[in-house]
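Take a look at the structure below.
Read-outs: derived from the displayed coordinates by stated rules, not from any lab. As the structure is a prediction and not an experimental result, all values here were calculated from the model. Here the Cβ positions follow ideal geometry from the backbone for every residue, glycine too, while neighbour counts run over all protein chains shown.
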Amino acid sequence: MKLILITLVSLIIGLMVACGGESNEYGYPKEVVDNYMTGCTNTGEASGMSKKGSKEFCNCTIKEIEREYSLVEFQKISEDILHRGLQSAPQKFLEISEACIFLLN
């Protein structure tokens, strides 16, 4: 559950600047991915994950999120979580986090 919360917090951080910018390998603007990765890895490390584990988890989640959600959908999910809380996260989003946790073990 802790890693799912890391992903959700990172989602919000990543989308605070989710407008404009060039796309990168993920298809989202580089600035969005960079902010997501920074927030996700910092939160992961602060909660006890190793730097390597945190980076692997965050890479996994952003790749899968990008495959599943358009940038507009990603922004909407972030806004919903920010305003309505974690219970508003879509089930698929939670499943992505859980699958990435499983891959790290």
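The table that follows gives values for the structure above.
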{"read-out": "Answer residue from the stretch 75-104, given it is farther than 21 Å from residue 34 by Cβ and basic (Lys, Arg) and is surrounded by the fewest Cβ atoms within 10 Å (Cβ to Cβ) among those", "value": "84"}
{"read-out": "Residues being over 11 Å from the mean Cα position of the chain (by Cα) and either among the acidic types (Asp, Glu) or surrounded by 15 or more Cβ atoms within 10 Å (Cβ to Cβ) (or both) - total across the stretch 59-74", "value": "4"}
{"read-out": "Which numbered condition residue 77 fails, given (1) assigned to a loop (DSSP other than H, G, I, E, B); (2) in contact with a Pro (Cβ under 9 Å, 6 or more places away or on another chain)", "value": "(1)"}
